[in-house]
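I have placed the structure first, in the form of structure tokens, so that the comments after it can refer back to it.
The values are calculated or read from the model by the stated rules, or taken from the named source; none is laboratory data. Remember, predicted model here, so these are calculated numbers, not experimental data. Backbone-built Cβ (ideal geometry, glycine too); neighbour counts: all protein chains shown. Calculation scope for accessible area: heavy atoms of the full protein, side chains included, ligands and nucleic acids excluded. Shrake-Rupley method; radii C 1.70, N 1.55, O 1.52, S 1.80 Å.
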Amino acid sequence: MFQFTQSLYRLTFIVAFLLFYNFSVEAQEKLNYQGPLSVGNYTGDANYAYRIIDSDTLFDGPFRLKRANLDALLQKQDYTFDFSGSFQDNYPNGFWKFQFGQFQSNNESQVVDYQYRVAISGVQEEASGNIVLGKPDGSWIYSVNKIEDSKISETLFKSSIIFDKGIPQQNFRIENDSLILAGRFLRNGLTHDEWSLFDSSGIGVDESWFFNDGLLQKIRIESSGSIDETPIYDNYAGQTKIINLDSRYIEALAIYQYAILNSDRPVGGKMQSLLAQNARYYKKIDDILSELGESSFLPEFKVKVPYFPFSKEEEQQINQILADYNAAELISKSFLEDTQLNILKLSDQEAAFKYEVINQISNDVLNPLKQLVLFINNKVLEFAPRKNLLESLWNETKPKSEFNIEVALDSVKINRTFKLQSSNTIDFSVFDLKTMQNISTTILANLEAIKAELNQTLLNEKRQQELIALEEKLILQRNEMHNYIDSVGVESSGNIKRTLNSLKKHADNALSNYSALTELNTKLSAGQKLLSCYLQINKLAKNIAQLPEQEDTIKEKYKDRIWNPFMATLMDEEVKKRITSAYRKFIIPYFLKHAENEFECNQVNQLNDLMSMTYQRMLELRVENTSKLERKLRKVTDPIVVLELFELQPLTTDQE
């Protein structure tokens, strides 16, 4: 039995091992795909080999993605591309070729060797070379050519660079339709010796950058026989840092010159534009390869720059400067561009003073801080001596705690002084990040104090303007009501006319009570309520004036053709007289009484609604079976009961 069990265990293990082995082999097996594929902005026909590992698709083997549309070419123009190469474990590896084209046809074709051929014109980009695990290796050539009638008519751009696993080596050459750049690298990718840029036509500016082990010594520009030579880092012997030769490096050159020489003129000429053009073309390839697999294709031209690292304390100060400046700039900009404040300062001396304080703080403090923040955000502050740089930033306007403000109002000039609160602890003669942080924090605190004061001033001014506009609407509504009542009152009956005149009196009394108020917020709130009330009173006046017309309509609706046996004919007679009588005798006087004697704005709104619903209900009762209702109305004289029998709600003051 024991031997049988052992044999069974061995058999189970062997079967499990074989199943796992087959699964592993199956997972490692290369597959092939042929069909449509989208890579970034490129969608075309693909053919590639791949493997599936742990549910992930890894490119492994030949790869090609291409697109060309003959119909599009013949109709207007066609955008073509063709990428071909190979992958190893999802890394681009081996020889690769990239082609991008934008072509138009001349609509002329010819038959050559039993094939139609169409001449094309446009622009063709082509790049080719070896890649080792996602990095360019060996000689890479990127060219952009202008095509006319299927022939190269002009080279618009060409770049020839040698790489060693992504690191540029030896000599290189980059040219476009007007410039040629030549230079060389050390084995570690650092720039070295003379980099020369000259006009391809032989006419124009020659530019040379002289490097020593990655450190730029000087820039020489020759134009029309004159030579301008600018020293850069020629005497520098301190700590350095290796970075890429890109736009950040150009800014690092500029900030160093600004700190040392207090010069803000541009560094160099056109060399950086040509290098940037080359970087854009290489990035196009890197974007494609990175979308497909693992890639680090961008060429990294390495340079050295002077390096002045931050202490932990300085890093904290930098973060505080950024936060303070952003908040202070937001306050400053919001008030300087505030339309209401710009109008108010023309007539209000205190508002004008605060505006000028903000304006001077913005010019004398925030502008230098803005430049410092720009250096921080562009990550170049560490590439210039801090003290020299900060002194250059404050060269024109020295940091200070007091501002002399001149306010011109009605052709009269007034001079006042604004002193920064909490500025006694700042030593304005010391130029370091701690001082800058103290300045930024103090400026923010003072701007926030001014903001609180101005916000209240502007709020009061805004409410005052709102009150003026509100009172204009009140007078408009009051006059509209008076004019309407005066126009309809001439033809109105005694009761209607008396009620309408009472509405005028109620409205004028309410306006008189409102005008006695003095506190701004209270008056604004009361005015808004009164305006709403006036709108309802105007509506009520129209409802009351329409009562005779509505009564005539009801009278006409409640007529019917009835046989008169004495006259032996059909005659118009009023029907459901108890309903119409209750409406005339009890409900209409009820409306007039409330409108005339009991004036409350909320009641006015309710009365308007009740009058509208009652009229509508009278029209509905004409066609309903009202026998039971008419019997109940025989002895009813109370308008509240009548309304309830009509299934209407009396005014809230009359409800028990």
Quiz prompt | Within straight-line cross-link reach of Lys165, aspartates and glutamates at Cα separation under 19 Å, skipping those fewer than 8 residues along the same chain | solution = Asp89, Asp137, Asp286, Asp287, Glu294, Glu300
Practice problem: Note the full-extension length gain between Ser178 and Thr653 as 0.36 nm times their separation in residues minus their Cα-Cα distance, in nm to one decimal. | Solution: 161.8 nm
Quiz item: Can you work out the FRET efficiency for the pair Thr397 and Glu453, with r the C-beta to C-beta distance and R0 = 30 Å, to the nearest 0.05?
Solution: 0.75
Quiz item: Distance in nm between label sites at Gln360 and Ser160, each 7 Å beyond Cα in the beta-carbon direction?
Solution: 6.5 nm
Quiz item: Which entries of Lys354/Lys400; Lys283/Lys370; Lys497/Lys523; Lys66/Lys270; Lys473/Lys555 show an alpha-carbon separation above 28 angstrom in the structure shown?
Solution: Lys283/Lys370; Lys497/Lys523; Lys66/Lys270; Lys473/Lys555
Practice problem: State the percent of C-alpha pairs, over all pairs in the range 316-452, separated by a distance greater than 19 angstrom. | Solution: 51 percent
Quiz prompt | Mean ellipticity per residue at 222 nm, deg cm²/dmol - from DSSP H runs of n ≥ 4 across the chain, formula -39500 (n - 2.57) | solution = -15000 deg cm²/dmol
Exercise. Taking each pair of different alpha-carbon atoms in the range 168-219 once, compute 1/r for the pair, average those values, and report the inverse of that mean as the Kirkwood hydrodynamic radius in Å to one decimal.
Key: 11.4 Å
Self-check item: At most 10 other Cβ within 10 Å, DSSP loop - GluC sites (Glu not before Pro), the range 363-457
Solution: Glu396
Practice problem: Find the Cα radius of gyration of the range 434-490, compare it with 2.2 N^0.38 Å by division, and give the number to two decimals. | Solution: 2.38
Exercise. Can you tell me the relative contact order of the chain? Whole percent, Cα pairs under 8 Å, sequence separation 6 or more.
Key: 6 percent
Quiz item: For the range 230-310, how big is Rg over Rh, using alpha carbon atoms and the Kirkwood form of Rh?
Solution: 1.07
Practice problem: For Leu261 and Ala276, compute 0.36 nm times the residue count separating them, minus their Cα-Cα distance, and round to one decimal in nm. | Solution: 2.7 nm
Practice problem: Would you calculate the separation in nanometres between label points at Asn513 and Asp149, each defined as 7 Å from the Cα along the Cα-to-beta-carbon direction? | Solution: 9.7 nm
Quiz item: Using a 1.4 angstrom probe and counting only protein chains, how large is the accessible area of Arg184 in Å², to 10?
Solution: 80 Å²
Exercise. May I ask you to list the residues of the range 43-76 whose amide nitrogen lies under 20 Å from a point 7 Å from Cα along the Cα→beta-carbon direction of Glu29?
Key: 48-62
Quiz item: Points 7 angstrom from Cα along the Cβ direction at Thr339 and Asp552: gap in nanometres?
Solution: 5.0 nm
Exercise. Give me the number: length gained by fully extending Arg622 to Val636, i.e. 0.36 nm times residue separation minus the C-alpha to C-alpha distance, one decimal in nm.
Key: 3.1 nm
Quiz item: What's the local net charge at Gln437, with K and R +1, D and E -1, over the other residues with C-beta under 13 Å away?
Solution: -4
Self-check item: Which listed pairs, of Lys135/Lys218; Lys542/Lys635; Lys333/Lys419; Lys504/Lys557, have C-alpha distances above 28 Å, in listed order
Solution: Lys135/Lys218; Lys542/Lys635; Lys504/Lys557
Exercise. Which order do the peptides 369-375, 464-470 take when ranked by the mean count of other beta-carbon atoms within 10 Å per residue, highest first?
Key: 369-375, 464-470
Exercise. Over the chain, average the accessible area per residue using a 1.4 Å probe and give it in Å², no decimals.
Key: 56 Å²
Quiz item: Hey, any idea what Rg/Rh is for the range 184-326, computing Rh the Kirkwood way over Cα pairs?
Solution: 1.03
Self-check item: Rg/Rg_ref, the chain, where Rg_ref = 2.2 N^0.38 Å and atoms are Cα
Solution: 1.74
Quiz item: Leu179's amide H: which non-local residues (gap 5+, or another chain) put their own amide H closer than 5 Å, with H modeled 1.01 Å from N in plane and none for Pro or chain starts?
Solution: Ser200
Exercise. Quick one: divide the alpha-carbon radius of gyration of the range 123-250 by 2.2 N^0.38 Å and tell me what you get.
Key: 1.22
Quiz item: Roughly how many Å is it from the Cα centre of the range 163-186 to that of the range 434-501, as a whole number?
Solution: 71 Å
